[in-house]
Every structure is written in C-alpha cells, then in structure tokens.
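Student: I am attaching a structure below and will ask some questions about it afterwards.
The values are calculated or read from the model by the stated rules, or taken from the named source; none is laboratory data. A quick note: this is a predicted structure, and the numbers were derived from the prediction, not measured. Don't worry about glycine lacking a Cβ; one is built from the backbone with ideal geometry, like all the others, and counts go over all protein chains shown. The protein model used for the area step is the full one, side chains on, heavy atoms only, and it has no ligands, DNA or RNA in it. Shrake-Rupley method; radii C 1.70, N 1.55, O 1.52, S 1.80 Å.
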Amino acid sequence: FVADGHQRAGLARRLTTEGKAKGIELPGILYREVDGISADYVRALAAATNIANGSGAALDGAKILRARPDLMDGSIPLSAGKGQQAVALARLGDEPFRMVVNEVIPENYGAIVGELIPKDPERQLAAIKAIARFEPKNAEEASVLTQRVAAAELAKKEEGAQSSMFGDLETAESTAGE
C-alpha cells in the first residue's frame with residue numbers, strides 16, 4: 001500500500017491507463033510487516049513526514065505525535081512551520097488539548113501555549129481559559145497573555161494555596177489578562 005505519495009501514484013496510474021506514459025517509476029521505501037514494521041507505524045511516519053514538509057494541519061500532526069511520541073525523536077525534522085506547531089500542540093495536557101480540538105481557542109494560539117508552557121497542564125489550562133476570555137487580536141498578544149498567565153500561575157504555586165474555612169481557595173480563572 002502507498003502510505004505517502006498517493007497523488008503521485010494515482011497520477012502515474014492514470015497516465016499509464018490513458019496511454020500517455022509508459023514505464024513510470026516512482027522512488028519509494030518498502031516497509032514490511034514481516035520485518036516488524038506495522039501499518040499503523042508507517043501511517044504515523046508518513047503523516048509526521050507530511051507535517052514536517054508543511055502539508056496537512058498542525059492539529060492532525062499533533063494527534064499523531066501524541067499517539068506516537070517516539071516520532072519526536074529528532075529523526076523527522078519538525079522544527080519549522082506546521083511541524084513546530086504540531087510538536088507544541090502535542091505537548092499540551094489532555095484537557096488543554098481537547099479544548100483546542102473543540103475550538104475553544106484557535107489552533108495557533110494552542111501551539112503558543114504548548115510552546116511556552118510545555119509540561120504543566122494546570123498552567124496550560126489557565127492560559128487557554130485566559131485566551132478564550134480575553135480574545136487576543138493576534139499571536140503576539142496571545143503569547144504575551146500566555147507568558148503572564150504562566151508567571152502568575154507559577155507565583156501562585158510557589159506561594160501556596162490560600163486557605164479558608166471552606167478549604168483551599170483556588171481560582172479557575174487567571175487575572176493576568178486584567
């Protein structure tokens with residue numbers, strides 16, 4: 001099966017069938033299940049390669065990278081454009097990622113959160129809620145807001161939760177936007 005290059009293979013078949021070309025050869029790499037390489041692995045590898053090449057959606061790439069984090073081992077260049085966004089989105093915790101999938105905030109803003117707050121789902125969640133609440137006009141504003149939320153949430157963690165007769169008081173909304 002063709003895992004990457006469907007359009008090229010289809011064009012070659014069509015040109016051959018129509019008699020417009022003969023003996024078309026397409027370069028490729030053969031992966032075999034007998035060698036321990038699964039169809040799922042090849043599909044994920046092809047999708048990650050497409051993202052690295054700038055085709056496809058960053059969110060789709062992030063879904064693959066979340067399912068197959070081994071593909072972020074540096075063997076596929078994911079350092080620019082959609083690849084970079086896919087990696088940043090893949091760093092989001094489960095709930096923040098679902099919020100991006102459900103379009104609570106735009107995908108590119110979600111990537112900013114994943115890039116600036118890579119390993120803290122609680123701060124990511126606070127940043128996404130702040131972005132949804134304050135609706136930044138562009139990526140630069142989203143970045144500044146994310147940085148402020150990250151700093152505010154970190155300071156809150158370091159300071160410790162405020163206690164009351166009702167238990168710990170923790171705010172679900174960040175005040176960084178104000």
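Student: Does the stretch 68-78 include one or more residues that are in a loop (DSSP other than H, G, I, E, B) and of a type in the set (D, E, K, R)?
Tutor: yes
Student: If you don't mind, another one. Taking ASP94 as the residue in question, decide whether it is over 11 Å from the mean Cα position of the chain (by Cα), surrounded by fewer than 23 Cβ atoms within 10 Å (Cβ to Cβ), closer than 22 Å to GLN147 by Cα and of a type in the set (Asp, Glu).
Tutor: yes
Student: (1) outside any helix (DSSP H, G or I); (2) more than 18 Å from ILE117 (Cβ to Cβ): which one isn't true of LEU92, the others all being true?
Tutor: If we test LEU92 against (1) outside any helix (DSSP H, G or I); (2) more than 18 Å from ILE117 (Cβ to Cβ), just (2) comes out false.
Student: Filter the stretch 98-140 for residues that are surrounded by 16 or more Cβ atoms within 10 Å (Cβ to Cβ), in contact with a helix residue (DSSP H, G or I) (Cβ under 6 Å, 6 or more places away or on another chain) and part of a loop (DSSP other than H, G, I, E, B) and give the result.
Tutor: ILE105, ILE117, PRO136 - these are the residues of the stretch 98-140 that are surrounded by 16 or more Cβ atoms within 10 Å (Cβ to Cβ), in contact with a helix residue (DSSP H, G or I) (Cβ under 6 Å, 6 or more places away or on another chain) and part of a loop (DSSP other than H, G, I, E, B).
Student: Under 9 Å between Cβ atoms, at least 6 apart or on separate chains: pull out the pairs that start in the stretch 22-33 with a residue that is more than 15 Å from HIS6 (Cβ to Cβ) and open to solvent by 100 Å² or more (accessible area, probe 1.4 Å) and end on any residue that is modelled with pLDDT of 90 or more and of a type in the set (S, T, N, Q).
Tutor: As it stands, the answer is LYS22/THR16, since those pairs meet every condition given.
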